[in-house]
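Right, one structure below, let's go through it.
Here, each number is a calculation from the coordinates, and none is a lab measurement. No experiment lies behind these values; they were computed from the predicted model shown. Ideal geometry is used to build each Cβ from the backbone, glycine not excepted, and the neighbour counts take in all protein chains shown.
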Amino acid sequence: MFKLDGKVALVTGGSRGIGRAVCVALAARGAYVVVNFAGNAQAADDTLARIRDAGGDGESKQFDVSDAQAVDDAVTDIVKRRGRLDILVNNAGIALDQLLIRIKPEELEKTFATNVAGSLWCCKAAMRPMMKAKRGRIINLSSVVAESGNPGQAVYSASKAALIGLTKTLAREYASRGVTVNAVAPGFIETDMTSGLPEQAKQAIVAQTPLGRQGTVEEVAAAVVFLASDEASYVTGQVLRVNGGMYV
Ligand code: NAP
């Protein structure tokens with residue numbers, strides 16, 4: 001089950017955190033994984049090393065997901081060289097947390113450019129080869145806060161809620177072309193994005209989590225692997241929550 005032999009996957013933001021675990025998990029099941037990163041080439045190389053340790057294969061590819069032309073060029077290049085693109089994981093994301101009254105226009109613009117427009121441009125570029133193949137899997141990384149809300153995350157939670165709308169719309173638009181589109185909404189996961197939170201804030205989040213702990217990047221990656229697999233062929237337009245029961 002969950003075999004991905006012969007498939008080609010693109011994971012945005014694969015250099016660190018959840019994206020890195022997704023890259024390794026997809027590669028361990030046989031997919032050739034393109035590890036996208038924004039600027040951290042060393043971290044992307046570390047991901048590639050872990051892919052190879054897991055017996056897999058892949059390559060790294062630098063581009064900014066918010067640059068529509070760069071995204072299109074990258075996907076065209078992957079398809080030209082590898083002949084296909086089966087799986088797209090829109091994982092690249094940023095969080096510039098701030099109370100509403102302090103939010104600056106540039107913070108809103110950067111967050112939406114990366115989290116929302118970045119995912120949309122990647123979906124657009126990937127849809128062409130997927131439609132041609134009459135098969136594809138797109139998984140968008142949303143967040144628990146898209147549905148629950150969270151003080152200090154007005155911009156971030158709005159961007160992650162937008163991804164749920166995007167997921168549901170594309171699921172309806174491309175189901176007849178054999179492409180499924182789903183979202184994974186993680187809860188509180190230990191990565192660079194959350195490591196800077198004060199200990200007290202971390203403890204408060206864990207206290208609101210029925211399973212009583214933070215999640216791991218591997219637990220999120222497992223959900224992505226399922227949605228990317230043939231076994232998930234009748235699942236589209238869904239939000240798979242990996243949050244320890246934090247929001248039910
Ligand atoms: P992270 O550790 O901060 O890593 C972010 C990744 O995104 C890095 O690989 C980074 O590349 C890449 N990236 C950022 N901007 C980019 C851009 N413009 N173009 C291409 N790549 C870009 O994040 P994470 O915690 O693993 O989160 C991954 C995803 O899960 C995000 O979408 C996040 O919103 C979502 N999520 C996380 C949590 C959590 O608790 N951690 C919870 C819910 C949802 P570089 O290494 O080159 O900088």
TODO: State, in angstrom, two size descriptors of segment 12-121 derived from its alpha carbons: Rg to one decimal place and Dmax to the nearest whole number.
DONE: 15.0, 49
TODO: Mind checking segment 202-248 for trypsin sites (Lys or Arg not before Pro) that DSSP puts in a loop (not H, G, I, E or B) and that have at most 12 other Cβ atoms within 10 Å?
DONE: R213
Open item on the list: How large is log10 of I(q)/I(0) for the chain at q = 0.09, 0.13, 0.15 Å⁻¹ when the intensity is taken from the Debye formula with one equal scatterer per alpha-carbon?
Closed with: -0.35, -0.75, -1.01
TODO: Of all alpha-carbon pairs in segment 174-215, indicate the percentage at a distance above 12 angstrom.
DONE: 68 percent
- [ ] Can you put M1, M246, M193, M130 in order of Cβ neighbours within 10 angstrom, beginning with the fewest?
- [x] M1, M193, M246, M130
- [ ] Over segment 190-248, consider all pairs of different Cα atoms and compute the Kirkwood hydrodynamic radius from their mean reciprocal separation; express it in Å, one decimal.
- [x] 13.2 Å
TODO: Grab the eigenvalues of the alpha-carbon gyration tensor for segment 1-68, scale each by 5, take roots, and send me the semi-axes largest first in whole angstrom.
DONE: 19, 13, 9
Task: Ascending count of other beta-carbon atoms within 10 Å, so fewest first, for K168, K160 - done: K168, K160
- [ ] Set Lys and Arg Cβ to +1 and Asp and Glu Cβ to -1, take the dipole of segment 41-88 about its Cα centre, and tell me which of T47, S66, I78 lies farthest positive.
- [x] I78
Open item on the list: Taking only Cα atoms of segment 59-114, what ratio of Rg to Rh do you get with Rh as the Kirkwood inverse-distance radius?
Closed with: 1.13
- [ ] Please give the calculated 222 nm ellipticity per residue for the chain, where each DSSP H segment of at least 4 residues contributes -39500 (n - 2.57) and the sum is spread over every residue; nearest 500 deg cm²/dmol?
- [x] -14000 deg cm²/dmol
Open item on the list: What does the net charge come to around V248 if you take all other residues with beta carbon closer than 12 Å to its beta carbon, with K and R at +1 and D and E at -1?
Closed with: 0
Task: Spherically averaged projected area of segment 93-224 from its Cα convex hull (nm²) - done: 8.8 nm²
TODO: Stick to the Cα atoms of segment 92-160, pair each with every other, and give me the Kirkwood hydrodynamic radius in Å at one decimal.
DONE: 13.2 Å
Open item on the list: Using a 10 Å cut-off around each Cβ, can you sort I94, I101, I139 from fewest to most neighbouring Cβ atoms?
Closed with: I101, I94, I139
TODO: Treating cross-link reach as a plain straight distance, find the lysines whose alpha-carbon is under 24 Å from the alpha-carbon of K134, omitting any fewer than eight places away in the same chain.
DONE: K3, K7, K80, K124, K168
